[in-house]
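S.K.: Submitted below is the structure of interest, expressed as structure tokens.
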Amino acid sequence: METRPKDNAIRQALAPHPHTVKNEGSTARLSSNFAYVTLRRIQKEQQQAERRQQRLAVAMVVGVALLGIGMLIYFCGETLWQSARMVAQQKDSMGLILPTLFCLTFFALLNHWLAKHYRVKK
């Protein structure tokens, strides 16, 4: 029988080496950085699992928020539309809308600044 390069590679892999571990009659060759590579692989798998969980959580929050907004529009849409039309037709309504928009803008900017400066680092 003629030996092929694959056969030689298999023979070399199975041949005893000085850095082999013997367990119950079988020999296995471990690389010098086996523990490091294994730990890196475990960390990578844990990070991927954590990312999957975070994506699922974000998807669930977005889904529940959209469902809530949809239900609000479905059940109270007509009332909200009539109220908005009535407020827009009144002359004094701008006196309430402008300060409200100013306050909402201020609190949005404050929220952004606080989140940027006091974010918890992992």
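The values are calculated or read from the model by the stated rules, or taken from the named source; none is laboratory data. All of these numbers come straight from a predicted model, not from anything done at the bench. Heads up: the accessible areas ignore ligands, DNA and RNA and are worked out on the full protein's heavy atoms, side chains in. Shrake-Rupley method; radii C 1.70, N 1.55, O 1.52, S 1.80 Å.
S.K.: Which ³J(HN,Hα) values in Hz, rounded to whole numbers, follow from the phi angles of segment 94-103 under the Karplus curve 6.51 cos²θ - 1.76 cosθ + 1.60, where θ = phi - 60° and Gly and Pro get x?
M.R.: 5, x, 9, 6, 5, x, 5, 5, 4, 5
S.K.: Let me ask something else about it. Report, as a whole number in µm² per second, the diffusion coefficient that Stokes-Einstein gives for segment 34-79 at 4 °C and 1.567 mPa s using the Kirkwood radius over alpha carbon pairs.
M.R.: This corresponds to a translational diffusion coefficient of 97 µm²/s.
S.K.: Which whole-number value in Å² is the accessible area per residue of segment 58-122, probe 1.4 Å?
M.R.: Result: 98 Å² per residue.
S.K.: What are the extents of the Cα atoms of segment 63-109 along their three principal axes, listed from largest to smallest and rounded to whole Å?
M.R.: Computed over the Cα atoms, the extents are 34, 30, 6 Å.
S.K.: Can you tell me the length gained on complete extension of the stretch PHE102 to TYR118, counting 0.36 nm per residue apart and subtracting the Cα distance?
M.R.: Result: 3.4 nm gained on full extension.
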